[in-house]
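Nothing in this text is a laboratory measurement; each read-out follows from the coordinates by a stated rule. Note that the coordinates shown come from a computational prediction; the quantities given were computed from them, not determined experimentally. All Cβ positions, glycine included, derive from the backbone under ideal geometry; neighbour counts span all protein chains shown.
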Amino acid sequence: MERFDAVVIGAGAAGLFCASVAGQLGVKVLLLDHSERIAEKIRISGGGRCNFTNRDLDPRAPHKHFLGENPNFCRSALSRYTATDFIDLVRRHGIAFHEKHKGQLFGDRSSEDFIRMLIAECDAGGVTRWQPCRVAAVRHGAEGYELDTDRGPVRAPRVVIATGGLSIPKIGATDFGYRIARQFGVRIIEPRPALVPLTFEGEDWAPYSGLAGLSLPVRIATGAKKAAMAFDEDLLFTHRGLSGPAVLQISSYWQPGTPIRIDLAPGAQLPSALQQAKGRSRKLLANELAAWVPARLADAWVQRDPAWQRPVNEAADKALASLAEALANWELVPSGSEGYRKAEVTAGGVDTRELSSQTLESRQPGLYFIGEVVDVTGWLGGYNFQWAWSSGWACGQAL
Ligand code: FDA
């Protein structure tokens, strides 16, 4: 029977970092993962460049960029290990990076740089790594935790669950974390796909399916108008529905059966602009519209109403007003989402009321949950990785 001070299950962003922090504090750590290739999500993240954190993250107000039953739960970890702390680590490893937009930091070269950095940090802490290695069972007894693994039984007083969420099963996501939580009576909030493209019924979507590939800046919102969540981001039309940063962001807040609202020409003042065009132009309305939205969209859009399929100087005032309103307030009810196959993250997870915000230890003594398996979900833009680093650090300090 091999003995360790702590076993970290899941060598993704949170697990690798947690193991390295604890190892460097002198803790004898075993880090294991069932996949041959660890940290696959880091590898594919940020289009292969890893959007590793966000400069705009305000740890004093995490509810601005995180959701969950208690969005302020992450305040402690995020303020003790900040974006700046991680940026300093990245600098110490000589990894060049740049800011894209809205505070998002990406590596200049490749996500592999970050994986190498995390492995080097684990090596510096003398972390034992086993992969691929499956865990068949976790038991708790008088001598702490006993794990049955592919490489034999292991004993440790502390176990950290860092197995992530359910998104992208083809690269190793499993429900292991939720199963362990249930086994030890730790409650979970029902998981659901988040940061995910939204889909529409075939017939409803037919008029727009020809727009697949088209991208444009929009304002998107969902929820009751007074308390709506809104984002100014790019929208992407797909064959089955809508994607792009705007839709990924709003998907985390969208409730099935409810509408999303899209302003396709934000800031354009269309009602007055179309009236002015009427006074000076004989072009088709679709051609006039192309000044404010992409021409392909303008062409498809006017097909929705015969009153819009005429020269702007011949269009009725009412038709111009309804066209402006329809573009500024496109309300549509998604039939669903692309699900875990395409979701960047899983919302829900281990209920934060079951965890210490300081150490991430659960009510079950010696059992910790970090990273995406916890009911803490960040916006698109590096927030989810920062939660992985911060929760991994807070837990690593406590092991
Ligand atoms: P993560 O999923 O990273 O790691 C879990 C590990 O546990 C994996 O190595 C897995 O193999 C292992 N595991 C699972 N089940 C197991 C079992 N039963 N036994 C043993 N091991 C098991 N975020 C961000 O901030 N910036 C970005 O640029 C992106 N980009 C991005 C792109 C895409 C396509 C996706 C899918 C996701 C992102 N994300 C992101 C989200 C980000 O990748 C995610 O939030 C973190 O990786 C979560 O870190 P964790 O360590 O919690 O889980």
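Please report, ordered by residue number, the strands (runs of 3 or more DSSP E) entirely within region 183-264 with at least 1 residues that are acidic (Asp, Glu) and in contact with a Ser or Thr (Cβ under 7 Å, 6 or more places away or on another chain).
Filter on region 183-264 gives 229-237.
For a quick check of your reading of the model, give me the residue pairs whose first member lies in region 253-273 and is under 12 Å from Val218 (Cα atoms), whose second is assigned to a loop (DSSP other than H, G, I, E, B) and polar (S, T, N, Q), with beta-carbon atoms closer than 7 Å and at least 6 apart or on different chains.
That search, which allows pairs on different chains as well, returns Arg261/Asn329; Asp263/Asn329.
Only one of these conditions is not met by Gly382: (1) at negative phi; (2) within 10 Å of the ligand (Cβ to nearest atom). Which number is it?
Failing condition for Gly382: (1).
Among residues belonging to region 43-95 that are of a type in the set (Ser, Thr, Tyr) and within 13 Å of the ligand (Cβ to nearest atom), point out the one that is surrounded by the most Cβ atoms within 10 Å (Cβ to Cβ).
For region 43-95, the residue satisfying everything is Thr53.
If Glu331 satisfies every condition in (1) farther than 22 Å from Thr199 by Cβ; (2) more than 16 Å from the ligand (Cβ to nearest atom) but one, which is the exception?
Single failed check for Glu331: (1).
Residues of region 167-185 being within 10 Å of the ligand (Cβ to nearest atom) and either at positive phi or not hydroxyl-bearing (Ser, Thr, Tyr) (or both), which ones?
Answer for region 167-185, where residues must be within 10 Å of the ligand (Cβ to nearest atom) and either at positive phi or not hydroxyl-bearing (Ser, Thr, Tyr) (or both): Ile168, Pro169, Ile171, Gly172, Ala173, Asp175, Phe176, Gly177, Arg179, Ile180.
Among the numbered criteria (1) away from the ligand (no atom under 16 Å from the Cβ); (2) farther than 22 Å from Thr199 by Cβ; (3) under 28 Å from the mean Cα position of the chain (by Cα), which one does Gly396 miss?
Among (1) away from the ligand (no atom under 16 Å from the Cβ); (2) farther than 22 Å from Thr199 by Cβ; (3) under 28 Å from the mean Cα position of the chain (by Cα), the lone unmet condition for Gly396 is (1).
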